[in-house]
Amino acid sequence: MKILHSVHPDDFRSYQTQQIRERFLIDHIVEPYKINCVYTHYDRMIVGAANPVNKSLELGNYSNLRSQYFLERREIGIINVGGDGEIRVDGEVYAVNKLDCLYAGKGVKDIIFSSKNYQHPAVFYMLSAPAHADYPTVIMTHDDAAKVSAGDVSTANRRTINKYIHMDGIRSCQLVMGLTTLQDGCVWNTMPPHTHDRRMETYFYFDLPPGQKVFHYMGKGDETRHIAINNYEAVVSPPWSIHSGCGTASYGFIWGMAGENQDYTDMDPIAIHEIS
Ligand SMILES: O=C[C@H](O)[C@@H](O)CC(=O)C(=O)O
Ligand SMILES: [Zn+2]
């Protein structure tokens, strides 16, 4: 499994485009017939995707983990951004359709992904964090996610934040996970931006039309850089970095965090006039 090492904010100041992409971008994880995972040293979060087509895919073990099986000391959150799918968790089958979320806790031995229709395959995006206790497997549909409206059409950032794994939703050890969809015509996410020094975060962009890009902004609020992102690519956000995007079209993104706490509101907002 590929490893992403952590970056110090002082070093980040001198990074050019290529180095920013190498250190923070997670691309080519969605690949037909495959599961691809990247191990980050940001709170040891693993970022991955499973794209089963006409046969099922089993979440295997990785030598990086030095464990008996993937979830021996970990938990996982999985959201489908593709066609209808199913996930078998220790023999029990759960329907996981577009924008539904499945959580599986520490101790689960078998996770098997499949698509209902190979012509419209499921795309399962997953985040896995270390876990010290086991929480039950839970499926939450998109309808049942807690919804918060944010932003405004006049500032092109009207959006719906859907919380799945959080303190008042699916319970977990560390993971906090959900997704945000932009109203058609709106292009800005997480503006005004924020940091949360107690948690890392990962953004995974989806439903970005072909040929379009998201300019994802990162860095300290007073010294920002951008990274150009394609559909089905993820970017890690260090605890010292803002994370905000502007697309050339509307899109959705899955956000996920792990770290010191699970308090979604523990953010340090940065006013737009303070951004440099
Ligand atoms: O720490 C929280 C995350 O950055 C996201 O939930 C923000 C987000 O989805 C949005 O403003 O659209
Ligand atoms: Zn955040």
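Points to keep in mind about this one:
- Pair MET1, ASP110: separation of 7 Å Cα→Cβ label points (nm): 2.1 nm
- Each other residue within a Cβ distance under 9 Å of ASN230 adds +1 if Lys or Arg and -1 if Asp or Glu, for a net charge of -1.
- Ranked by how many other Cβ atoms sit within 10 Å of their own Cβ, fewest first, the residues CYS37, CYS246 fall in the order CYS246, CYS37.
- For the chain, the Cβ-based charge dipole about the Cα centre amounts to some 500 debye (Lys, Arg positive; Asp, Glu negative; other atoms uncharged).
- Average Cα contact separation per residue, the range 189-276, under 8 Å, 6 or more apart, as relative contact order %: 46 percent
- Where the Cα pairs of the chain fall when distances are cut into 5 Å bins, in %: 1, 6, 13, 18, 21, 18, 13, 7, 3, 1, 0
- Under 17 Å from the ASN61 label point (7 Å along Cα→beta-carbon), backbone N, the range 105-126: 106-112
- Virtual paramagnetic centre 7 Å along Cα→Cβ of ASP263, amide N under 14 Å, in the range 162-194: 167
- With R₀ set to 51 Å, the beta-carbon distance separating ASP11 from SER154 gives a calculated FRET efficiency near 0.85.
- Taking the chain and dividing mean pair separation by its residue count, relative contact order in percent (alpha carbons under 8 Å, at least six apart): 17 percent
- Inter-label distance for ASN230 and GLU72, nm, one decimal - labels placed 7 Å from Cα along Cα-to-Cβ: 3.6 nm
- Alpha-carbon centroid distance for the pair the range 217-276 / the range 86-157, whole angstrom: 22 Å
- Residue order, fewest to most beta carbons within 10 Å, for THR181, THR155, THR40: THR155, THR181, THR40
- 222 nm mean residue ellipticity, helices alone, for the chain (DSSP H n ≥ 4; -39,500 (n - 2.57); rounded to 500): -1000 deg cm²/dmol
- Local electrostatic count, ARG171, Cβ distance below 15 Å [Lys/Arg +1, Asp/Glu -1]: -3
- Ascending count of other beta-carbon atoms within 10 Å, so fewest first, for SER56, SER114: SER56, SER114
- Computed over neighbours whose Cβ is under 13 Å from that of ILE242, the net charge equals -4, Lys and Arg +1, Asp and Glu -1.
Readers should treat all values here as calculations from the given coordinates under stated rules, not as data from a laboratory. Every value quoted in this text rests on a predicted model; they were computed, and no experiment measured them. Backbone-built Cβ (ideal geometry, glycine too); neighbour counts: all protein chains shown.
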